[in-house]
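Novice: One structure coming up, written as structure tokens, with questions to follow.
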Amino acid sequence: RKEGYLMAIDRWFIGGGAEHTPESARRLVYASTNGAEGVGGVNDLLVRPLAVPGQGVRVAIGSALIRSRYVGGETQTYMGTVYQEETVAITPTGSQTGRSDLVVMRVEDPFAAGSPYAPPKPDEIALAPYVYIRVISGVPANTTKLQSVPGHANDTGLALARIDLPKSTGTVTTAQLVDLRSAAQPRRSEVVYARPRI
């Protein structure tokens, strides 16, 4: 920043070579969606068993809006996209007890204030993914939100599904999956009829 310029006001988007911050872009998304959070469409990021059920699940292509939980980023929104079906492994349960796991899309931004994530190597910064499909294992029963899991209250992420595994189970089936997705901006239509006075 040049000396003499006060940056108490941010802006988006000025031409002529003006510099813009990532925070500006994220604030634009937040403001234009009224801070909405969720998947882009009804089929986006749907979690299903493997084609041949086994020790994992697959996440369909699609996008999601995810509100920032980073320090100072409360009025910012990230977007994450899965461009091709993603497969994640699920650890089998033991013979003593069952377990619930949460499948989430999480933003791991090492450049955000207060971020716990280490930045990638300098030659990997440009193409690093920063948004990942993660499995949070051993969550409390009936968990529906990532931020309600102990130790994850400040995660910038979105719960996609919960997997409720019985004991002695290594295969994930449809019956064990609980869909936790919601649309960021549900489509609504309203029809107003005029009724003539009698």
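Novice: Could you list the chymotrypsin sites (Phe, Trp or Tyr not before Pro) in the range 45-131 that lie in coil according to DSSP, counting only those with at most 13 other Cβ atoms within 10 Å of their Cβ?
Specialist: Sites meeting the loop and neighbour criteria: Y83, F111, Y117.
Novice: Round to a whole number: what % of the accessible area of the chain belongs to carbon and sulfur, probe 1.4 Å?
Specialist: The C+S portion of the solvent-accessible surface of the chain is 54 percent.
Novice: Right, here's the next one. Can you give the relative contact order of the chain as a percent, counting alpha carbon pairs under 8 Å and 6+ residues apart?
Specialist: Contact order relative to length: 23 percent.
Novice: I would also like to ask the following. Give a residue-ordered list of calculated ³J(HN,Hα) values for the range 50-67 (Karplus: 6.51 cos²θ - 1.76 cosθ + 1.60, θ = phi - 60°; whole Hz; x for Gly, Pro).
Specialist: Per residue, the Karplus-derived 3J(HN,Hα) values read 4, 3, 10, x, x, 8, x, 9, 10, 10, 5, 4, x, 10, 8, 9, 10, 5 Hz.
Novice: Would you calculate, for the chain, the mean residue ellipticity at 222 nm contributed by helices, counting each DSSP H stretch of 4 or more residues as -39,500 (n - 2.57) and dividing by all residues, to the nearest 500?
Specialist: Result for the chain, helices only: -1500 deg cm²/dmol.
Novice: Let me ask something additional. Determine, from the Cβ-Cβ distance of K121 and S168 and an R0 of 45 Å, the FRET efficiency 1/(1 + (r/R0)^6), rounded to the nearest 0.05.
Specialist: Using R0 = 45 Å, I get an efficiency of 0.60.
Novice: Further question on the same structure: Report the semi-axes of the equivalent ellipsoid for the range 4-155 in whole Å, largest first, where each axis is √(5λ) for an eigenvalue λ of the Cα gyration tensor.
Specialist: Semi-axes from the Cα gyration tensor: 34, 17, 16 Å.
Novice: Given charges of +1 on the Cβ of Lys and Arg and -1 on the Cβ of Asp and Glu, with all other atoms neutral, how large is the dipole of the chain about its Cα centre, in debye to the nearest 20?
Specialist: 680
Novice: GluC sites (Glu not before Pro), restricted to the range 10-103: which are DSSP loop and have at most 13 other Cβ atoms within 10 Å?
Specialist: E19, E74, E85
Novice: Oh, and also: Let me check against my output: what whole-number percent is the relative contact order of the range 19-101, with C-alpha pairs under 8 Å and at least 6 apart?
Specialist: That works out to 29 percent.
Novice: At A18 and Q96, where each label point lies 7 Å from the Cα along Cα→Cβ, what is the point-to-point distance in nanometres?
Specialist: Distance between the two pseudo-spin positions: 6.2 nm.
Novice: Can you tell me, using C-alpha contacts under 8 Å and at least 6 residues apart, the relative contact order of the range 91-138 as a whole percent?
Specialist: Computed value for the range 91-138: 50 percent relative contact order.
Novice: Quick one: accessible area per residue over the chain, 1.4 Å probe, rounded to a whole number of Å²?
Specialist: Here the residues of the chain average 64 Å² of exposed surface.
Novice: To the nearest 20 Debye, how big is the dipole of the range 1-110 about its Cα centre, given +1 on the beta carbon of each Lys and Arg and -1 on that of each Asp and Glu?
Specialist: Charge dipole of the range 1-110: 100 debye, to the nearest 20.
Novice: Trypsin sites (Lys or Arg not before Pro), restricted to the range 1-82: which are DSSP loop and have at most 12 other Cβ atoms within 10 Å?
Specialist: R1, K2, R11
Novice: Residues with beta-carbon under 9 Å from that of Y78, excluding Y78: net charge, scoring Lys, Arg +1 and Asp, Glu -1?
Specialist: Local net charge: +1.
The values are calculated or read from the model by the stated rules, or taken from the named source; none is laboratory data. Only a predicted model underlies this, so the values are computations on that prediction, with no experimental measurement involved. Every residue, glycine among them, receives a Cβ derived from its backbone with ideal geometry; neighbour counts consider all protein chains shown. Just the protein is used for accessible areas: all its heavy atoms, side chains included, with ligands, DNA and RNA removed. Shrake-Rupley method; radii C 1.70, N 1.55, O 1.52, S 1.80 Å.
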